[in-house]
Amino acid sequence: MSDVQERHEEEHAAGGRGGQARSEGRGRRDRDRGRDRDPADKEFVEKLVKLNRTAKVVKGGRRFSFSALTVVGDRKGKVGFGFGKANDVSEAIRKSIDKAKRNLIELPIKNGTIPHEVNGFFKASQVLLKPACSGTGIIAGGAVRAIMEAGGITDVLSKSIGASSQYNVLKATFDGIGRLMNAKQIAANRGKPFKDLWG
C-alpha cells in the first residue's frame, strides 16, 4: 500500500513538473508571438476596420466566409486600404493587408495635422476633415480614426455625415485625402518658395 502511495506521489510530482514545463514553454511561445507582432519592428501599421461573416446554406449545412477591411500606413504620410474575402479569418485579413500595401497614397501632414479643411464624398456618405491645433488629438471614430492614426496625423477634427457604412465612410475619407492640395506643386505653379506657402 505504501509503495502504491509513493508511486502515486512520484507520478503526481512528475506531472506537476511536466505541467510547469509545459506552462513555461507556453509562456515562452506567447512571448515569441508577441515579439513577432511588435509594431516597432514593422514598417507599416495595420489596423482592422471591419470584419464581416457571411453564411451560405448548402446541403451539408452552413458554409461560412469572411470579409476584412483594413487600413495600412507608415505613420509618415503614406496610407492605404484593402478589402479581402476568404473562407478563413486570417486569410481574409492577409489578403486585405496585401491589397492595402499596393494602394498607398500620400497624406499631406503639416505640424501633425492636415493643411486645410476638406470634404470627401462617396455615394451617400460625406466626411468633413478640419485641421486642429497641437494637443487636440484625433476627434474621429471608426474608419476615420484608423486612417489618421496609420497616416501619422496626431491632431484633426472630423464629422461623418450621411450613410454610416464603414466602407462608404472609409472611401469618402480617402476621397477627401485625394482633394488635399500638395503644397510643393502649388508653390511650383505659383512660382513662389515652398516655405512661403507651407509656413
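Scan the range 70-107 for residues that are closer than 15 Å to I177 by Cα and touching a Lys or Arg at 6+ places or on another chain (Cβ under 6 Å) and jot them down.
The answer is V71, V72, L104.
Residue check, P131 against (1) at pLDDT below 95; (2) within 19 Å of the chain's Cα centre (by Cα), all met but one. Which one?
Going through (1) at pLDDT below 95; (2) within 19 Å of the chain's Cα centre (by Cα) one by one, P131 breaks only (2).
Look at V71 and say whether it is touching a strand residue (DSSP E or B) at 6+ places or on another chain (Cβ under 9 Å), of a type in the set (V, I, T) and closer than 16 Å to L170 by Cβ.
Spelling it out, V71 is indeed touching a strand residue (DSSP E or B) at 6+ places or on another chain (Cβ under 9 Å), of a type in the set (V, I, T) and closer than 16 Å to L170 by Cβ.
Can you work out which of the residues in the range 174-191 that are closer than 29 Å to V72 by Cα and of a type in the set (A, V, I, L, M, F, W, C) is surrounded by the fewest Cβ atoms within 10 Å (Cβ to Cβ)?
For the range 174-191, the residue satisfying everything is M181.
Would you please name the residue that is surrounded by the fewest Cβ atoms within 10 Å (Cβ to Cβ), looking only at residues in the range 73-91 that are free of Cβ contacts under 8 Å to residues at least 60 places away in the same chain and assigned to a strand (DSSP E or B)?
The extreme case among them is K85.
Residues of the range 94-112 being under 24 Å from I139 (Cβ atoms), among the β-branched types (V, I, T) and modelled with pLDDT of 90 or more, which ones?
I105, the sole residue that qualifies.
Conditions tested, residue by residue: (1) of a type outside the set (V, I, T); (2) in contact with an Asp or Glu (Cβ under 7 Å, 6 or more places away or on another chain); (3) loosely packed, with under 15 Cβ neighbours inside 10 Å; (4) not in a loop (DSSP other than H, G, I, E, B).
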{"site": "I93", "(1), (2), (3), (4)": "no, no, no, yes"}
{"site": "D98", "(1), (2), (3), (4)": "yes, no, yes, yes"}
{"site": "P108", "(1), (2), (3), (4)": "yes, no, no, no"}
{"site": "H116", "(1), (2), (3), (4)": "yes, no, yes, no"}
{"site": "G120", "(1), (2), (3), (4)": "yes, yes, no, yes"}
{"site": "V127", "(1), (2), (3), (4)": "no, no, no, yes"}
{"site": "S134", "(1), (2), (3), (4)": "yes, yes, yes, no"}
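Search the range 143-154 for residues that are acidic (D, E) and pair each with any residue that is buried (at least 24 other Cβ atoms within 10 Å of the Cβ) when their beta-carbon atoms are under 8 Å apart and the residues are at least 6 apart or on different chains.
Between residues of the range 143-154 that are acidic (D, E) and residues that are buried (at least 24 other Cβ atoms within 10 Å of the Cβ), the close pairs are E149/G73.
The values are calculated or read from the model by the stated rules, or taken from the named source; none is laboratory data. Because the structure is predicted, anything quoted here is derived from the model rather than measured. Every residue, glycine as well, gets a Cβ built from its backbone with ideal geometry; the counts of neighbours run over all protein chains shown.
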